[in-house]
Amino acid sequence: MKKSTIALFCCALVVSPWAPRPAEAAQPAPPEGFTAIFNGENLDGWFGLGHFDPRQLAAMSDEERAAKKKQDLADAVQHWTVENNELVNDGHGVYLTTEKEYGDIELMIDYKTVALADSGIYLRTTPQVQIWDFTEAGGKWNLDADKGSGGLWNNSPGTPGKNPLVLADKAFGEWNHFHILQTGARTTIFLNDQLVVDHAIMENYWDRSNPLAPKGYIQLQTHGGEIRWRNIFLKELSAEEANAILWSKNNDGFKSVFNGKDFTGWAGPTENYEINDGTLRCKAGHGGTIYTEDEYSDFVARLEFKVPEGGNNGLAIRYPGSGDTAYVGMCELQVLDNSAPGFASLDDRQFHGSAYGIAAAKRGYQRPVGEWNFQEVTVKGSTIKVELNGTVILDADLSTVKEFMANSPHPGISRTSGHFGFAGHSDPVEFRKIMIKRLD
C-alpha cells in the first residue's frame, strides 16, 4: 500500500477520545529486541478499519480514503477504550488496526474474552488467527471451536494450520498469551506456550490464486462480546533472523553439496566462479553453468542467494552437463534482481523464480538488493515448486505448458534426471548453504 494511504489515517488518533485514564499502572517493558505497539495509555499508532479488502483500500482516491477514515474513527471511539493498560472492546465496531504495515515479524500479545464471543488477529490485513469460545455452550463446535483457539481458521479445509494442534485455551476470566512468528506466508503460533500452528502456509483470504501479501496491517478483531488486549509487543525480523527460522524447519534428509572451501563435487567452468568465506560467487564478466557431479531425479534443494543491482543468474534443474540449461535441461529457474529498471519490460516468465520462458513466478517477495534470500525448490516428476523467503512463488506442472516465450522449443523439459547447478550470466550473484534432499 502507498505510504500516503497510511498517513491519511494518522492525524485523528490523538483527539480527545484517546485520552489516557488517570492513575494507571506502568506498562510492562517489552522483551529485548521488541517494541510496544500499544502504549498502554491511548490509541496512538492505531486506526479503525473493519473487515475490508486491502486491495480496495489501496485503490481508493485520497478523498475516498479520507471519508472512510472519518467514518471509521467515529465508529471506533464508540467501542474502544483504554483501562489499566488494557485495550477494551465491547464486542462491536471496526477493528483496531496498526498505522504501520508489517512484513516478517515476531508478535507477542495477551487477550482475555468472555463466553459466547469470538475474535481473532489479522496478520497482513488478512484473517486470521482465530479466538474462540471453545466450550459446547458457545454453540460453534460445528465450526471446529471445540478444537480451541490459535488456528488459521480462514485457510482451506484440511490444510495445515487451519485448526490448532492442541486445545490450549485458558478458562474465561484468565489471560491468554499468543506468541506468533510470521516469515513470508509461513506462520508459527504458540498459545499459552503450547505449539498450535507449526510453520503452516497462511492463505491469502482475499485472493487465493495469489500468495499472502508481503506486507500488511495487524488488526484486532471485534466479534460479539467483550475482549481485552494487553502487552502487545512486536519485533520486525531482519533477513538473517527470518532466514534462520526458515532453515530451522523440516531439515531431515538434506545433505550439503557445497563444502564452502573448494569445488569438490562440482564440474563445468568452475574457473569462472570464486569462493570466499563459504560463499560461491560468479566472477563479474564471466559465466557458464557449473553443476554437481551427482545427478538428481526428484529432489528438494535449499540455499541462500544474494543478487547485486541488476544481477542475473539461474538454477540449472536436471541439467545434462552441456548446452544452455534453459532449453536442454528441465528448466533454468531464474535468479534475478527483479527491482532493476533495465528488467522492467521483461516477459513475465523471465523474472526471479520463473521457469525461464516456461512458467511465471509471483513477484514482490524478494528481499532488497544486498540481502540474503532463502529459497527452496521442490522437483517431483514434471512439477516444480519454488518457495522464496517463506512464500510459494511458483507451483507448476511443466508438462501442461503449451505456450513458451518467443515460441522457443524446450527439448529438455521432459527430462527425468540430471545435474543441479548455477547458470552464470556475467554478474557476481552469490550463493551459500547449498543443500539437497533426494526424494527418489
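All of the numbers you see were taken from the coordinates with simple rules; none came from a lab. Given the structure is predicted, the values throughout are model-derived calculations rather than measurements. In this analysis, Cβ positions are derived from the backbone assuming ideal geometry, glycine residues included, and neighbour counts consider all displayed protein chains.
How do K261, K362 line up, fewest other C-beta atoms within 10 Å first?
K261, K362
Suppose R0 equals 51 Å; then what is the FRET efficiency for T264 and R208 from their Cβ-Cβ distance, rounded to the nearest 0.05?
0.70
Work out how much length K215 to D90 would gain on full extension: take 0.36 nm times their residue separation and subtract the Cα-Cα distance, in nm to one decimal.
Between K215 and D90, full extension yields 42.1 nm more.
For region 3-237, how big is Rg over Rh, using alpha carbon atoms and the Kirkwood form of Rh?
With Rg and the Kirkwood Rh in hand, the quotient comes to 0.94.
Taking 24 Å as the cut-off for C-alpha to C-alpha distance, list the pairs among K306/K437; K283/K306; K255/K380; K140/K170; K162/K255; K70/K100 that go past it.
Correct reply: K162/K255.
Please list, or write none, the lysines whose alpha carbon is within less than 17 Å of the alpha carbon of K68, excluding same-chain residues fewer than 8 places away.
Cross-link targets: K2, K3.
So what is the diffusion coefficient of the chain in µm² per second by Stokes-Einstein at 10 °C and 1.306 mPa s, using a Kirkwood Rh over Cα pairs?
Here the translational diffusion coefficient equals 67 µm²/s.
What number do you get for region 245-438 when its Cα radius of gyration is normalised by 2.2 N^0.38 Å, N = residues?
0.93
Starting from 0.36 nm per residue, how many nanometres of slack lie between S426 and R228 once their C-alpha separation is accounted for?
In short, 65.6 nm is gained.
In region 120-173, which trypsin sites (Lys or Arg not before Pro) are in a loop and have at most 14 other Cβ atoms within 10 Å, using DSSP for the loop call?
Here the trypsin sites (Lys or Arg not before Pro) that fit, given the DSSP loop and packing criteria, are K170.
Distance between the C-alpha centers of region 232-263 and region 78-107? Whole Å please.
33
Neighbouring Cβ atoms within 10 Å as the yardstick, rank I275, I109, I317 fewest first.
Going from sparsest to densest Cβ surroundings: I275, I109, I317.
Work out the FRET efficiency for D75 and E174 from their Cβ-Cβ distance, taking R0 = 22 Å, and round it to the nearest 0.05.
0.15
At a Förster radius of 22 Å, what calculated FRET efficiency corresponds to the Cβ-Cβ distance of K249 and V114, to the nearest 0.05?
0.05
How high is the relative contact order of the chain, given as a whole-number percent (alpha carbon pairs under 8 Å, six or more residues apart)?
Once normalised by length, the contact order is 15 percent.
For S399 and A59, calculate 0.36 nm times their separation in residues minus their Cα-Cα distance, and state this gained length in nm to one decimal.
Contour length minus the Cα-Cα distance gives 118.7 nm.
For each of V77, V386, V129, count neighbouring Cβ atoms within 10 Å of the residue's Cβ, then give the residues from fewest to most.
Starting with the residue having the fewest Cβ neighbours, the order is V77, V386, V129.
Relative to the longest principal axis of the C-alpha atoms of the chain, give the angle of the C-alpha long axis of helix 62-79, reported between 0 and 90° and rounded to the nearest 10°.
50
Using the charge dipole of region 217-333 (Lys, Arg: +1 at Cβ; Asp, Glu: -1 at Cβ; taken about the Cα centre), state which of N313, A239, T279 has its Cα farthest towards the positive end.
The one lying farthest along the dipole's positive direction is A239.
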